[in-house]
1. Being under 22 Å from residue 187 (Cβ atoms), surrounded by 14 or more Cβ atoms within 10 Å (Cβ to Cβ) and at pLDDT below 95 is true for just one of 148, 143. Which residue is that?
2. Which of the strands (runs of 3 or more DSSP E) found entirely inside the stretch 1-110 contain at least 3 residues meeting this: farther than 27 Å from residue 148 by Cα and open to solvent by less than 50 Å² (accessible area, probe 1.4 Å)?
3. Residue 76 - would you say it is closer than 27 Å to residue 195 by Cβ, touching a residue at least 12 places away in the same chain (Cβ under 8 Å) and in contact with a helix residue (DSSP H, G or I) (Cβ under 9 Å, 6 or more places away or on another chain)?
4. For the stretch 178-204: of the residues being without any contact (Cβ under 8 Å) to a residue 12 or more places away in the chain and of a type in the set (D, E, K, R), which is nearest to residue 156 (Cα to Cα)?
5. Which residue out of 55, 23 is within 12 Å of ligand 1 (Cβ to nearest atom) and closer than 20 Å to residue 133 by Cα?
6. Out of everything in the stretch 90-117 that is hydrophobic (A, V, I, L, M, F, W, C) and away from ligand 1 (no atom under 16 Å from the Cβ), what residue ends up being modelled with the lowest pLDDT?
7. Look at the stretch 111-121 and say how many of its residues are of a type outside the set (Ser, Thr, Tyr) and outside any helix (DSSP H, G or I).
8. Check every one of the helices (runs of 4 or more DSSP H) wholly within the stretch 128-222 and list those with 3 or more residues that are under 27 Å from residue 25 (Cβ atoms) and within 16 Å of ligand 2 (Cβ to nearest atom).
Amino acid sequence: MRAGLFGGTFNPIHKGHLMAAQRVLHQFNLDHLYIIPCRKPPHKSSAYLAPVSDRIRMIQLALPEDARYRLSEVEVQRGGPSYTIDTVEHFRTGIIPGADLFLIMGMDAFLEIHTWKSQRRLLESVQPVVVTRHHGADREETRDDVSRMGSYIHSRLSADYGFNAERTCWRNDGGNCIHLLPTPPVAISSSQIRQRIRAGKAIADLVPQAVNAYIEKKELYQ
Ligand code: ATP
Ligand code: MG
């Protein structure tokens with residue numbers, strides 16, 4: 001069993017999330033991919049945070065009709081700030097014991113992982129799969145990402161990790177892996193969507209149609 005865990009605020013879920021999820025699902029041949037909205041992100045302010053019931057409903061509306069995609073409400077039900085290590089333990093010991101777990105995240109999230117709770121244990125329990133995010137510049141972004149990630153891993157996580165260029169992953173002596181999935185970045189973020197709504201601009205090209213309709217109906221982010 002191979003399962004992807006994709007946590008985030010999803011405020012709201014958008015096409016960038018969905019494309020990243022789809023790529024990892026295929027590339028890593030996952031049996032399941034869990035979208036896991038957090039109740040309250042530990043590293044973010046709660047300004048413009050839509051109610052969790054709305055964020056969940058939008059995920060339900062956005063997910064493709066494919067039984068491999070699942071919504072997990074574990075962080076919502078747990079209460080308090082959402083720590084990824086607690087979520088991983090929940091899956092590892094309760095939901096799918098023995099599964100290979102892949103932690104899906106954008107580059108921006110990965111570059112903060114040294115500040116996360118129990119990051120050492122986290123890296124022993126899951127294999128991060130890092131997807132490129134748009135930097136807004138016209139550069140060779142994949143090559144940049146490899147060097148940025150490599151220096152981050154060695155300076156902030158551990159010098160033990162060696163790079164495998166063929167697989168674009170770093171592996172340490174204990175066999176723990178960190179993957180980079182080099183793909184063209186999708187220049188969409190939830191903050192950009194919220195800003196556009198506040199400015200009275202359309203967001204139809206950034207979210208699935210049903211999500212757009214839901215945001216309009218509930219007058220979210222205005
Ligand atoms: P915000 O702008 O509010 O931070 P966001 O678009 O970054 O929202 P999050 O809910 O913070 O969305 O992100 C959840 C996860 O999805 C993070 O790991 C983030 O890096 C990743 N992610 C978000 N947007 C993209 C995208 N366009 N491409 C790849 N990964 C993304
Ligand atoms: Mg974000």
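The values are calculated or read from the model by the stated rules, or taken from the named source; none is laboratory data. Bear in mind that the values here come from a model prediction, so they are computed numbers and not experimental data. Cβ: placed from backbone, ideal geometry, glycine included. Neighbour counts: every protein chain shown. Areas reflect the complete protein model, heavy atoms only, side chains present, ligands, DNA and RNA absent. Shrake-Rupley method; radii C 1.70, N 1.55, O 1.52, S 1.80 Å.
1. Numbers: 143 fails: surrounded by 14 or more Cβ atoms within 10 Å (Cβ to Cβ).
Being under 22 Å from residue 187 (Cβ atoms), surrounded by 14 or more Cβ atoms within 10 Å (Cβ to Cβ) and at pLDDT below 95 holds for just one of 148, 143, which is 148.
2. On the way: elements: 2-8, 32-37, 69-71, 100-106.
Once the strands (runs of 3 or more DSSP E) in the stretch 1-110 are filtered for at least 3 residues that are farther than 27 Å from residue 148 by Cα and open to solvent by less than 50 Å² (accessible area, probe 1.4 Å), what remains is 32-37.
3. On the way: closer than 27 Å to residue 195 by Cβ: yes; touching a residue at least 12 places away in the same chain (Cβ under 8 Å): yes; in contact with a helix residue (DSSP H, G or I) (Cβ under 9 Å, 6 or more places away or on another chain): yes.
For residue 76, the condition - closer than 27 Å to residue 195 by Cβ, touching a residue at least 12 places away in the same chain (Cβ under 8 Å) and in contact with a helix residue (DSSP H, G or I) (Cβ under 9 Å, 6 or more places away or on another chain) - is met.
4. Taking the stretch 178-204 and keeping what is without any contact (Cβ under 8 Å) to a residue 12 or more places away in the chain, we get 191, 195-196, 199-202, 204.
Add one more test, that the residue is of a type in the set (D, E, K, R), and what stays is 196, 201.
Working: 196: 35, 201: 40 Å.
Looking at the filtered set, the residue picked out is 196.
5. On the way: 55 fails: closer than 20 Å to residue 133 by Cα.
Result of the check over 55, 23: 23.
6. Restricting attention to the stretch 90-117, the residues satisfying the condition of being hydrophobic (A, V, I, L, M, F, W, C) are 91, 95-96, 99, 101-105, 107, 109-111, 113, 116.
Still in the list and also away from ligand 1 (no atom under 16 Å from the Cβ): 91, 95-96, 99.
Details: 91: 96, 95: 81, 96: 88, 99: 93.
That would be 95.
7. Kept after step one, since they are of a type outside the set (Ser, Thr, Tyr), are these residues of the stretch 111-121: 111-114, 116-117, 119-121.
Applying the additional criterion that residues be outside any helix (DSSP H, G or I) yields 111-112, 116-117.
Residues that pass the stated criteria total 4.
8. Details: elements: 141-152, 190-198, 209-218.
Passing ranges, in order: 190-198.
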